[in-house]
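Below: the structure, in structure tokens.
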Amino acid sequence: MAEFKQADSLYEWFDQRLGIDKFVKVMMTEYWIPKNINFLWAMGVLLTVMFTILLVSGIFLLMYYKPDMNMAFDSVNYTIMQEVGYGWLFRHIHAVGASVVFLIIYIHMFTGIYYGSYKKGRELIWISGMLLFVLFSAEGFSGYMLPWGQMSYWAAYVITEIFGGIPVIGGDLVVWIRGNFYVSDSTLTRFFMLHVLLIPMAILGAIVVHFYALRFPHVNNEEGEFFDFDKEADKYLAGDKKGSKVVPFWPVFLSKDFFVLGFFLLFFFYLTFFHYDFAMDPVNFDKADGLKTPAHIYPEWYFLWSYEVLRGFFFEIAGVSGKSLGLIAFAIANAIFFVMPWLDRSPMVKPANQRPYFKYWFWFLIADLIVLTVYGKLPPTGANAWVGFVSSMTFLVLFIALPFITKAEAKKVGGK
Amino acid sequence: MKELKILAVIATLVGITYYGIEPYAHHVMHPEVKAADFTFSDLKNVDTKLAGNVTNGQVLVEANCIACHAIEKAGHPAMMPNADAAASYGVVPPDLSHAGRMYDKNYLANFIFDPVSAMHLSHKYPVGGTKTFPMPSYNWMTGQEIMDVVAYLQSISPKVKEGSEANKASFEAACGRCHSMKYGQLEATTPVDTIKTYMGATPPDLSQYIKSRGEHYLHGFINDPQVLLAGTSMPRVGLNEKAQEEVIAYMEETGDRKKAEREATGINVMIYTFIFAMLAYLWKRKIWSEVH
Ligand code: HEM
């Protein structure tokens, strides 16, 4: 055991035991971030803040929420929204936050794709990020069921029904997930457990992994430049702050993030107080009724693109039913982003617009995802069904083509 | 500025997506329907220009209406308890104290002449069908007599204080025989089983309908349910514009009770957030001036 000399201050007492000085250096003041970044690099901190906001508002909701088929609706819409002091505020923050967090996740994710931040050593950052995306999706989906409104019920019904398409085990799997033959009280209580315990814990774990995965490859920058971080850090510490290519996480990087956060929160609170319908669907203020199917069933906006890929295949091709094709395409759509680092065969780490072929691919993908999202909400009738089919096919073709496009690009730029 | 360009690109993409999944999708799923008609111009059986005679109206009402309807404000209590009235007629006939104040004059006159056509329920009670509407048609009365009844009902209608009190009174009188309002501690006067048998559908509890349907929909729906929900058993109730606004206001008071608090808090939170954002901006400027 090390020698402990008498501490002169409380700070020193703790420092002796916890190594605060060292910890702060490693985590904050000597954690180096490239200087050449724009506000898109603030999205990660925004996400951390949003998750904290969801966690805190969720804990407040949890104090009054009742996970019971007969009580859930009123516990949310009457007890929380009308009786508990500022209960409505926590609900609005939680529901709008859950929706806005996905907007930021998508921006974060496509920033990564645009700047090629998923390859050449950054594969694990990307994969842990995708894991967070999946976990947040599960969190959003399970949470949406809790108020037990019409859309809670029917979206849960439709989405759980999807698993029924899996060969052989499908039927049993659906019953296993629901805990009953239909969406019922047992479904609500298990989704409640997932939403407030298991998934949040997994998210916390995944966040730690995500942050740790960032440590060694370091954050990417606006030009995709690779440089010697140790050398640049020494330069900074030696006083050449302007000449160094890096800045410390605290206070320099975070000061910029707080500024971005401030304006983001302004937007977030505007939505929370004055424009929340997009996140709290009016239909969900009708209590769940298993005998009354709503005229239009749609998931929340952030699931629409993959939902449209599922619906896009509405007719049989080569003896395979539309339903099965849709399911296969849906499974691919949800998994394909995980292997992004290996589908991109070009060694270039550059913003997409500086890459001769990838730039077209990127903007095509964005356009296609927007079309999928919009048509994912519209009723799938007439021409809409065909738009859905074409845009779903486009999505698949884009990913099949990606290795070839990037291979050709690698050849053109000659391994740069 | 490069960062502003990036922001503009993101704002454009988000804006297009938002437009597609909100206003545009809404427009596709809920096409615009014909505007509310508060003159009830389709009803033309009674000449409403005739000036009514209140005294004669009172005689007619006492002879014809109070057998079924209470008119508390004129000293006529209900003939039987609600449960019995519901059992006899299928639905508890509403107290008519507020009728003169709430119902459009043209609608009221034509309703007395022929309730089924005024309520737009001919699909449920076709001429010569087996089902008969519980309230008789007074098509044997002359136009003058009907206008006398209307004039009498208008004359006894109490002056209620505008605001919450009037809002609630209108809701109870116009909707309360069928619909409950749990969050306002109001229970429908007709027991739920009876009303279901009578209507063929359960009138929903309206506590959250201001949120699930929204003011715009309610405005059209209450004026004429058939336009938005063809074939529904909910009758057209014939409220004048003012009474209808009171009903909707009551639905908002009970269904979205914290609206005022929300809007006031919202402004304050945004002001504080703006101050935070500005301070963060100044701090960032200071810090980054050392490294750039
Ligand atoms: C671990 C922290 C969390 C706790 C304790 C928690 C707790 C709750 C509770 C009790 C409800 C039901 C009340 C209500 O519907 O408003 C709820 C709803 C919901 N939660 Fe969470 N939650 C947490 C995190 C999250 C996260 C990270 C997300 C985002 C992906 C999320 C998304 C939702 C959604 C979409 C609803 C439905 C909101 C509504 O319709 O009003 N939750 N949550």
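The values are calculated or read from the model by the stated rules, or taken from the named source; none is laboratory data. Because the structure is predicted, anything quoted here is derived from the model rather than measured. Every residue, glycine among them, receives a Cβ derived from its backbone with ideal geometry; neighbour counts consider all protein chains shown. Protein only, heavy atoms only, side chains kept; ligands, DNA and RNA dropped before computing areas. Shrake-Rupley method; radii C 1.70, N 1.55, O 1.52, S 1.80 Å.
The table for this structure:
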item: Cut-off under 5 Å, modelled amide H: who pairs with B:Tyr103 long-range; result: B:Asn240
item: Added length on full extension, which subtracts the Cα-Cα distance from 0.36 nm per residue, B:Asp47 to B:Leu7; result: 8.0 nm
item: Per-residue HN-Hα couplings for the range A:265-272 [Karplus 6.51, -1.76, 1.60; θ = phi - 60°; Hz; x = Gly/Pro]; result: 5, 4, 5, 4, 6, 4, 5, 4
item: Distance between the range B:110-169 and the range A:174-201 - C-alpha centres, whole angstrom; result: 51
item: Among B:Gly231, B:Gly52, B:Gly75: highest mean-square fluctuation, GNM of chain B, C-alpha pairs under 10 Å; result: B:Gly75
item: Phi to ³J(HN,Hα) by Karplus 6.51 cos²θ - 1.76 cosθ + 1.60 over the range A:371-377, Hz, x for Gly, Pro; result: 4, 4, 4, 5, 6, x, 8
item: CD proxy at 222 nm, helix term only [per DSSP H run n ≥ 4: -39500 (n - 2.57); per residue of chain A; nearest 500]; result: -19000 deg cm²/dmol
item: Summed buried accessible area for B+A [probe radius 1.4 Å, Å², rounded to 100]; result: 5200
item: Of A:Val283, A:Val320, A:Val100, the one that fluctuates the most in a GNM where chain A has Cα springs shorter than 10 Å; result: A:Val320
item: For residues of B:20-32, the mean tally of beta carbons on other chains within 10 Å; result: 4
item: Percent accessible area from carbon and sulfur atoms, the range A:298-416, protein chains only, probe 1.4 Å; result: 71
item: For the range A:60-101 versus the range B:222-277, the gap between their alpha-carbon centres in whole angstrom; result: 20
item: Using θ = phi - 60° and Karplus 6.51 cos²θ - 1.76 cosθ + 1.60, couplings along the range B:161-176 (whole Hz; Gly, Pro as x); result: 5, 4, x, 3, 5, 5, 4, 5, 4, 5, 4, 4, 6, 8, 10, x
item: R0 of 60 Å, Cβ-Cβ distance A:Phe229-B:Lys182: FRET efficiency to nearest 0.05; result: 0.45
item: Spin-label model distance (nm) - A:Phe315 vs B:Lys258, 7 Å beyond Cα toward Cβ; result: 5.1
item: Neighbour-limited loop hits for GluC sites (Glu not before Pro), the range A:286-390 (at most 16 other Cβ within 10 Å; DSSP other than H, G, I, E, B); result: A:Glu316
item: Other-chain or far-sequence residues with amide H under 5 Å of B:Ile71's (modelled H); result: B:His76, B:Leu96
item: Charge tally in the Cβ shell below 11 Å around A:Phe395, where Lys, Arg are +1 and Asp, Glu are -1, A:Phe395 excluded; result: -2
item: Accessible area of A:Asp228 in the full protein assembly, 1.4 Å probe (Å², nearest 10); result: 80
item: Cross-link table A:Lys22/A:Lys119; A:Lys350/A:Lys407; A:Lys66/A:Lys377; B:Lys159/B:Lys242; B:Lys131/B:Lys242; A:Lys241/B:Lys5, entries beyond 24 Å C-alpha to C-alpha; result: A:Lys22/A:Lys119; A:Lys66/A:Lys377; B:Lys131/B:Lys242; A:Lys241/B:Lys5
item: Among A:247-253, A:54-60, the order from most to least packed when residues are scored by Cβ within 10 Å on average; result: A:247-253, A:54-60
item: Complex-versus-alone comparison for the range B:245-265, residues with a loss of 10 Å² or more in accessible area, probe 1.4 Å; result: B:Arg257, B:Lys258, B:Glu261, B:Arg262, B:Glu263, B:Thr265
item: Average accessible surface area per residue within the protein assembly as shown, 1.4 Å rolling probe, Å²; result: 48
item: Sequence-distant residues sharing a close amide H with A:Val246 (under 5 Å, placed H); result: A:Lys35
item: Sites B:Lys159 and A:Ile59 - FRET efficiency at Förster radius 60 Å, r taken between beta-carbons, to 0.05; result: 0.75
item: Other protein chain Cβ atoms within 10 Å, averaged over every residue that makes up B:266-275; result: 5
item: Cα-based shape type of chain A, given that a ≥ b ≥ c are square roots of the gyration tensor eigenvalues and the cut on a/c is 1.5; result: oblate
item: For the range A:119-134 and the range B:8-28, distance of Cα centres in Å; result: 29
item: Area accessible to solvent at A:Arg122, 1.4 Å probe radius, in Å²; result: 10
item: Rel. contact order, % - alpha carbon contacts under 8 angstrom, at least six apart, the range A:298-416; result: 39
item: Sulfur and carbon atoms: percent of accessible area, the range B:33-255 [1.4 Å]; result: 56
item: Choice from A:Thr394, A:Thr373, A:Thr381 with maximal GNM fluctuation in chain A (Cα, 10 Å cutoff); result: A:Thr381
item: Aspartates and glutamates with Cα under 18 Å of B:Lys196, excluding same-chain neighbours fewer than 8 positions away; result: A:Asp289, B:Asp84, B:Glu187, B:Asp205
item: Eligible aspartates and glutamates near B:Lys284 by straight Cα distance, threshold 18 Å, same-chain separation 8 or greater; result: A:Asp257, B:Glu3
